[in-house]
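Colleague: Mind having a look at this structure? Questions to follow.
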Amino acid sequence: MISIAQEEFLNDTLVLAWFDPRKHDFEILKDDMRPILDEYIELNLYGFLNDKEKSEYDQLEDKDISFFKDRIVNFDNILAELYINWQKQYLESFRE
């Protein structure tokens, strides 16, 4: 499920990377970005789990971010920091 907040974040990131919504197809760009961002978030949140929680997560058929929210202290702050770090990395890739 795509959240409105994530869509706004991706739009903002594209604008910061000098993409123009009048010239570039943001939907295609976001379709390319979304799985990379989701994997980055998932892998980093996974690192905050203990071994038992990792085992539980690995066995889930339908993996969902709510699993992390229920188990990671300061989840919202950590998630916000992950989004910021990913955006910084994304933007730096355009400067190179």
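Colleague: Kindly evaluate Gln87 against the criterion of being surrounded by 15 or more Cβ atoms within 10 Å (Cβ to Cβ), touching a Ser or Thr at 6+ places or on another chain (Cβ under 8 Å) and either in a helix (DSSP H, G or I) or modelled with pLDDT of 95 or more (or both).
Modeller: On the way: surrounded by 15 or more Cβ atoms within 10 Å (Cβ to Cβ): yes; touching a Ser or Thr at 6+ places or on another chain (Cβ under 8 Å): yes; either in a helix (DSSP H, G or I) or modelled with pLDDT of 95 or more (or both): yes.
Criteria met by Gln87.
Colleague: Output the number of the condition that Gly47 fails; it satisfies all remaining conditions of (1) loosely packed, with under 15 Cβ neighbours inside 10 Å; (2) of a type outside the set (Val, Ile, Thr); (3) modelled with pLDDT under 95.
Modeller: (3)
Colleague: Being closer than 19 Å to Thr13 by Cα and more than 12 Å from the chain's Cα centre (by Cα): is that true of Leu49 here?
Modeller: Values: closer than 19 Å to Thr13 by Cα: no; more than 12 Å from the chain's Cα centre (by Cα): yes.
No, not satisfied.
Colleague: Could you check Lys52 against (1) part of a loop (DSSP other than H, G, I, E, B); (2) surrounded by fewer than 10 Cβ atoms within 10 Å (Cβ to Cβ) and say which number it fails?
Modeller: (1)
Colleague: Could you check region 33-46 and list, in sequence order, the residues that are under 21 Å from Asn11 (Cα atoms) and either among the charged types (D, E, K, R) or touching a helix residue (DSSP H, G or I) at 6+ places or on another chain (Cβ under 9 Å) (or both)?
Modeller: Filtering region 33-46 for residues under 21 Å from Asn11 (Cα atoms) gives 33-42.
Across region 33-46, the qualifying residues are Met33, Arg34, Ile36, Leu37, Asp38, Glu39, Tyr40, Ile41, Glu42.
Colleague: Which one is surrounded by the fewest Cβ atoms within 10 Å (Cβ to Cβ), of the residues in region 13-38 that are under 18 Å from Glu92 (Cβ atoms) and without any contact (Cβ under 8 Å) to a residue 40 or more places away in the chain?
Modeller: That would be Asp32.
Colleague: Here's a follow-up. Filter region 59-80 down to the residues that are in contact with a helix residue (DSSP H, G or I) (Cβ under 9 Å, 6 or more places away or on another chain) and part of a helix (DSSP H, G or I), then identify the one that is surrounded by the most Cβ atoms within 10 Å (Cβ to Cβ).
Modeller: Only one residue tops the list, namely Phe68.
Colleague: Let me ask something else about it. For region 1-11, which residues satisfy the criterion of being touching a residue at least 24 places away in the same chain (Cβ under 8 Å) and part of a helix (DSSP H, G or I)?
Modeller: Gln6, Phe9, Leu10
The values are calculated or read from the model by the stated rules, or taken from the named source; none is laboratory data. All values derive from a computational prediction rather than experimental measurement. Here Cβ is always computed from backbone atoms with ideal geometry, including for glycine, and neighbour counts include all displayed protein chains.
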